[in-house]
Structures are given as C-alpha cells and as structure tokens.
Amino acid sequence: MKIYKFEKVSSTQKVARKLIHETKSDKFIVIAKEQTEGYGRHKRKWHSPNGGLYASIVLKPYTKKLNIIPLAAALAVRKAINEICKIDVKVKWPNDIVINSKKLGGIICEAILAGEKLEYLIVGIGINVNIEHRQFPSQLKKQATSILIVTGRKFKIESILNEIIKNLDAYKKLIENNLEEKILNEWRKHDIILGRKVKVSNREKIVGYAVDIKDDGALILRRNDGKIVELYAEDIKIEM
Ligand code: BTN
C-alpha cells in the first residue's frame, strides 16, 4: 500500500481527498507528523501537535453495511495499541478509542461520491501517542489522554500504524467472507457503553439503556419510556 508521508499538513483527510482526485487511486494512506486544521466528527477541531498519529486510509467501500467499516477501524486501532503498548484500551460506540474513561483517539469515516455512486472511503485515524499532558489545551485536559501519559513511554508511530493496517486488512477479509458477526462480537467485548445508562446528545437528547449493537453497526437503545430506538453515529455520554 502506498504511503504518502508529510511533516505538516492542514488535514490528512483533505490531502487524501485531493490525491484521490489527482490519482484516482483507491488504495493509499496519507500520514503527517502534525496537522494545522485536523478535524473530527461534527466538524470539531482535532488537536494535532507533533507526537500524535494522524492518518487517512483511502479504500474502496467493500461492503454495503458501511457503518461496520468505522467500527472495524476502531477495533483495529484498539488491538494495535493493546498489542504494542500493552495497555487495555477500550472502544466507545461509534468510533472513539478510550482508556480510563478518557479519549485516546478517534475515527472519522468520510465518503467520496462520483456522481451518485459511492467510490471511495477515507478513514481518518487520530491517536494521541507521544503527547504530554501540558500539550493539550485546557478545555481538553480533563477528557483527553495519550499513550505517553498512560504508560510513561514513547512509542514509534509507524509501528502502531503498521499494526493497524494489518488488523484492518484482517477485518476486511472477515467482512468479505460475510463474517461480520465476529467483528460485532469483538465490539461487544470491548465497548464501554453497552449495558449502561447513556445520554445521547442529538436533537432530542435521549436518555436510555444501551442494549446492543445491530448487525449493521447501529446502536440499539431502550429509552426510559421503554421504546427501543436504533441510532447511527450519535454522540454518547455515559450516565453516572
Ligand atoms: C473524532 O473523534 O471525532 C475523529 C477524529 C479523527 C482525527 C483524524 S487525525 C487524521 C485525520 N485527519 C483529520 O483531519 N482528521 C482525522
């Protein structure tokens, strides 16, 4: 897989989008040591100083159940960090990587259409690897953490990335062989919100109990009034 490496970019997502248009290739990765306009879901800024892993993986959508791909990516990240850094990282539906209830990384999955047809996916991965506590802006200090903060050690970003690519490829093979259930079962093992009371911050502000995830990646929630709802890519807070 071709990897385009940069010192500093606006956002690896933006660079990936530009390279798709220029090369028409659907199999490459863009990485950068630093981003000046890194962004996450809901157009939030993604703080991207030197020391983090910032990657955008371009791929062809290989399944109709598109919501499975970001879940597979989050699991690929979780597994890579667990194996290399030996820490017990968890996931939080739909695409957060967490440890000790703090955010360590996130995934954003963007689709590129050609006319009406979905042609490419750009899976953006941000992980706080070798970032010191003082490097986080004050509003993030409480909710964000890094591998360095948790382990007291620095890790090679490329080794983590290589492991993620390897894991993601293994999940892709499972999906292509209709074995998504294995991925969902792994998700069920590692998600911190399943079986808990949660608050969803969408238009309605739903409070309920996170029952399970569906085979297409949706979160099944039992609202306080008993009604079962299915959610796609919302923001979830755990009720204490
Ligand atoms: C989130 O938690 O909302 C997702 C964060 C995704 C951040 C990564 S960093 C690499 C890639 N480039 C970006 O601008 N965003 C993603």
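The values are calculated or read from the model by the stated rules, or taken from the named source; none is laboratory data. Note that the structure is predicted; figures quoted are calculated from it, not measured. Positions of Cβ are generated from backbone atoms using ideal geometry, with glycine treated the same way; all protein chains shown enter the neighbour counts.
List of remarks:
- Within the range 18-48, restricting attention to residues that are within 24 Å of D235 (Cβ to Cβ) and either more than 10 Å from the ligand (Cβ to nearest atom) or in a strand (DSSP E or B) (or both), the residue that is farthest from the chain's Cα centre (by Cα) is Q35.
- Test result for A210, under 20 Å from the mean Cα position of the chain (by Cα) and closer than 27 Å to G51 by Cβ: no
- Failed item, numbered, when S10 is tested on (1) more than 17 Å from the chain's Cα centre (by Cα); (2) farther than 23 Å from P137 by Cβ: (2)
- Flag if L75 is at pLDDT 95 or above and either surrounded by fewer than 21 Cβ atoms within 10 Å (Cβ to Cβ) or under 22 Å from K214 (Cβ atoms) (or both): yes
- Matching residues, the range 6-17, being surrounded by fewer than 17 Cβ atoms within 10 Å (Cβ to Cβ) and within 13 Å of the ligand (Cβ to nearest atom): F6, K8, S10
- Scanning the range 148-159 finds one or more residues that are closer than 10 Å to V129 by Cβ and in contact with a strand residue (DSSP E or B) (Cβ under 9 Å, 6 or more places away or on another chain).
- If you go through the range 171-185 and pick out every residue that is crowded, with 16+ Cβ neighbours inside 10 Å and out of contact with any strand residue (DSSP E or B) (no Cβ under 9 Å at 6 or more places or on another chain), you end up with 5.
- Beta carbons closer than 7 Å, at least 6 apart along the sequence or on distinct chains, pair a first residue in the range 95-116 that is within 17 Å of R41 (Cα to Cα) with a second that is of a type in the set (F, W, Y) and assigned to a strand (DSSP E or B) for I112/Y120.
- Subset of the range 116-165 that is at pLDDT 95 or above and basic (K, R) - its residue that is nearest to I68 (Cα to Cα): K156
- Any hit, the range 92-99, residues being within 15 Å of the ligand (Cβ to nearest atom) and either more than 18 Å from L71 (Cα to Cα) or touching a Phe, Trp or Tyr at 6+ places or on another chain (Cβ under 9 Å) (or both): yes
- Restricting the range 111-158 to residues that are under 18 Å from the mean Cα position of the chain (by Cα) and hydroxyl-bearing (S, T, Y), the residue that is nearest to Y4 (Cα to Cα): Y120
- Restricting A80, A55 to those that are within 11 Å of the ligand (Cβ to nearest atom) and either over 12 Å from I164 (Cα atoms) or at pLDDT 95 or above (or both) reduces the list to A55.
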